[in-house]
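The values are calculated or read from the model by the stated rules, or taken from the named source; none is laboratory data. Not measured: the values here are computed from a predicted model. A quick note on method: Cβ atoms are made from the backbone with ideal geometry, for glycine too, and the neighbour counts reach across all protein chains shown.
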Amino acid sequence: MIKAENLWKSYPMKQDRPGLKEFVINAPKFLKDNNNRFWALRGVSLLVSKGESLGVIGRNGAGKSTILSLLLGVAQPTKGSIEVSGKRTPLLELGAGFHPDLTGKENIVINGVLLGHTEKEIRAHMDDITAFSELGDFINMPIRTYSSGMMMRLAFSIAIHTSPEVLLIDEILAVGDESFQKKSGKALQDLIRGGVTTVYVSHSMEAIRKTCNRAIWLEQGEIRAEGESGLVAEEYLKAQRQV
Amino acid sequence: MQMNKKTRQQLDLLKLLVKKEITLRYKRTYLGFLWSLLNPILTGIVLFIAFNIFMRFEVENFALFVMAAIFPWTWFSASVTMSANTLTGNVSLIKKVIFPKHFLLLATIIAQLVNFIFSLPVLIALVYYYGSSPSLNWLIGIPVLVIVQFVVIYGLSLLISIANAFFRDLEHIINVLVSLLFWMTPIVYPLEAVPEEYRSLLVMNPVTYLMQAWRDLFFNNMLNWHNIFVSAITAVAILLAGLLIFKKLNRKLDEVL
């Protein structure tokens, strides 16, 4: 279950670090550091119950990734409260938590442990993970030799085989080829049916319609529309065509 | 012993990070992990030539005198220097995966500790070369000093890593600061060689006590409890400062990385 109330998040908007001179002169101001902040989220509230799947759509810079960071807990909201029950599994960035010089298998172990499992548990799932990823012999190669699609397959396979409870997905599935898209979509739906709570950011309205039962449309850090995923997606597309 | 799952997982994580740190360093080399042993041997030979032949203070067994302090110093300086980039160099991990960030610091320190341990055979060989032998004091002194120095390094790493995330200028000056500290600490010279009026400066430097304690152990076969005590007190103070500041700035970390 995810419950977030009135989330606000701002980032410092310095184009650059101040020069030494300005810094020394204005030190108190810079240290206070509430000058000139960019508000990425302005009062967003969410409620995703267990087993629900929420799609998040919106244009670039609307605050979609910021929401995921806050839900994951790698960033703190400036204002507002967040409550997430269940183990969080992120799929936010291609290759996050992977090391290019380690092989696919070595990365499976490290990534799985980073996701909160013991090494033994991960090794027990090794065969399932490698089989699902369809990487073949590449699984024993350093992942710097992988294409982005292959990297995503590995990440996705690890994520779904480590008993996720709350899945946070940011777009990365888009790099998979047609057949893997189908396969991952189906696996995702199975997980959701099995009670996994999901927040899914995507620019593919088709994927949103298929995977999510509800969706929110973010614009400039605020919720512009909310409701059944098909309807929100349609409304969003309509608005984009008018631009 | 039954360990709960959470502890097991955290230990596994630390172990894997250390392993990654060590193996990655030698990943594309032919000699691999052997470098961990080869490096102190070669360093030892270089120092032996430099300090036994070219530069000689009026100290007996000068090469051993220097190495008794320089190997622990290398553990200290390498870890502290690397800590500047630990947070800023792992942005995608820190911003996209949840895990205890300080494990990255611990992993570096432990990996460097392993290197230090691999330099002990070189020290022991040299001790025998000079006609002496390690005593029982080593069995007490090494673990005690390792713990004290570990705490010092960890405290400093917390401070430096988080400070550099906010003020990236630090990573450009850290090498200079560390080398300043190197020359301000009696490592390649005896404390007594420093003119009297400046000696008090060196005595104010907490690392002096630590390095002197190592030297007393390896060179004089002696446990210098006074220095160990001073070092331990400083270590705890640095660690507390480090933990406090790291915790405070950690909340804002995602905004600057």
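If you check B:Leu24, B:Leu106, B:Leu47 for being farther than 30 Å from B:Val194 by Cα and surrounded by 16 or more Cβ atoms within 10 Å (Cβ to Cβ), only one passes: B:Leu106.
For the residues B:Leu136, B:Leu93, the requirement of being of a type outside the set (Val, Ile, Thr), over 24 Å from B:Ile238 (Cα atoms), buried (at least 18 other Cβ atoms within 10 Å of the Cβ) and without any contact (Cβ under 8 Å) to a residue 40 or more places away in the chain singles out B:Leu93. Taking the numbered list (1) among the aromatic types (Phe, Trp, Tyr); (2) farther than 18 Å from B:Val148 by Cα; (3) in contact (Cβ under 8 Å) with a residue 60 or more places away in the chain in turn, B:Phe218 passes all entries but (2).
Taking helices (runs of 4 or more DSSP H) as the structural unit, those lying wholly within region A:149-243 and holding at least 2 residues that are of a type outside the set (Phe, Trp, Tyr) and closer than 23 Å to A:Thr130 by Cα correspond to A:178-193. Applying the set (1) in a helix (DSSP H, G or I); (2) surrounded by fewer than 18 Cβ atoms within 10 Å (Cβ to Cβ); (3) more than 14 Å from every other protein chain (Cβ to nearest Cβ); (4) of a type outside the set (Asp, Glu) to B:Thr7 leaves exactly one unmet item: (3). Considering only region A:178-196, I want to know if a residue exists there that is closer than 17 Å to A:Leu68 by Cα and not charged (D, E, K, R). Yes. Note on region A:85-107: residues that are more than 11 Å from chain B (Cβ to nearest Cβ), under 19 Å from the mean Cα position of the chain (by Cα) and surrounded by 20 or more Cβ atoms within 10 Å (Cβ to Cβ) total 0.
Residues of region A:59-73 include none that is assigned to a strand (DSSP E or B) and modelled with pLDDT of 90 or more. Can we say B:Phe71 is closer than 22 Å to B:Pro190 by Cα and among the aromatic types (Phe, Trp, Tyr)? When the stated conditions are applied, B:Phe71 passes them.
Which residue is farthest from A:Ser10 (Cα to Cα), if the candidates are limited to region B:239-249 and must be surrounded by fewer than 19 Cβ atoms within 10 Å (Cβ to Cβ) and touching a helix residue (DSSP H, G or I) at 6+ places or on another chain (Cβ under 7 Å)? Of everything passing the filter in region B:239-249, B:Ala241 is farthest from A:Ser10 (Cα to Cα). For the residues B:Leu87, B:Leu123, the requirement of being crowded, with 16+ Cβ neighbours inside 10 Å and within 13 Å of chain A (Cβ to nearest Cβ) singles out B:Leu87.
Test B:Leu191 against the stated conditions and say whether it is surrounded by fewer than 16 Cβ atoms within 10 Å (Cβ to Cβ), of a type in the set (A, V, I, L, M) and closer than 20 Å to B:Met55 by Cα. Yes; evaluated as a whole, the condition is true for this residue. Filtered by the rule that a residue be surrounded by 16 or more Cβ atoms within 10 Å (Cβ to Cβ), among the β-branched types (Val, Ile, Thr) and farther than 17 Å from B:Ser179 by Cα, region B:50-84 gives a lone residue, B:Val59.
Residue under question is B:Val230, and the condition is that it be in contact with a Ser or Thr (Cβ under 7 Å, 6 or more places away or on another chain) and in contact (Cβ under 8 Å) with a residue 12 or more places away in the chain; does it hold? No; evaluated as a whole, the condition is false for this residue.
With respect to B:Ala84, is the statement that it is in contact with a Ser or Thr (Cβ under 7 Å, 6 or more places away or on another chain) and in contact (Cβ under 8 Å) with a residue 12 or more places away in the chain true? It is true that B:Ala84 is in contact with a Ser or Thr (Cβ under 7 Å, 6 or more places away or on another chain) and in contact (Cβ under 8 Å) with a residue 12 or more places away in the chain. Between B:Val230, B:Val256, B:Val236, the distinction of being of a type in the set (Val, Ile, Thr), within 14 Å of chain A (Cβ to nearest Cβ) and surrounded by fewer than 21 Cβ atoms within 10 Å (Cβ to Cβ) belongs to B:Val256 only. I'd like to know if region B:91-101 contains one or more residues that are away from every other protein chain (no Cβ under 14 Å), part of a helix (DSSP H, G or I) and either touching a Ser or Thr at 6+ places or on another chain (Cβ under 8 Å) or polar (S, T, N, Q) (or both). Looking through region B:91-101, none of the residues is away from every other protein chain (no Cβ under 14 Å), part of a helix (DSSP H, G or I) and either touching a Ser or Thr at 6+ places or on another chain (Cβ under 8 Å) or polar (S, T, N, Q) (or both).
Whether a residue is within 14 Å of chain A (Cβ to nearest Cβ) and surrounded by fewer than 14 Cβ atoms within 10 Å (Cβ to Cβ) was assessed, and B:Asp169 passes this test.
Considering only residues in region A:67-84 that are within 10 Å of chain B (Cβ to nearest Cβ) and of a type outside the set (A, V, I, L, M, F, W, C), the one that is surrounded by the most Cβ atoms within 10 Å (Cβ to Cβ) turns out to be A:Ser69.
Scanning region B:12-68 for residues that are away from chain A (no Cβ under 14 Å), assigned to a loop (DSSP other than H, G, I, E, B) and either within 19 Å of the chain's Cα centre (by Cα) or at pLDDT below 85 (or both) yields B:Met55, B:Arg56, B:Phe57, B:Glu58, B:Val59, B:Glu60.
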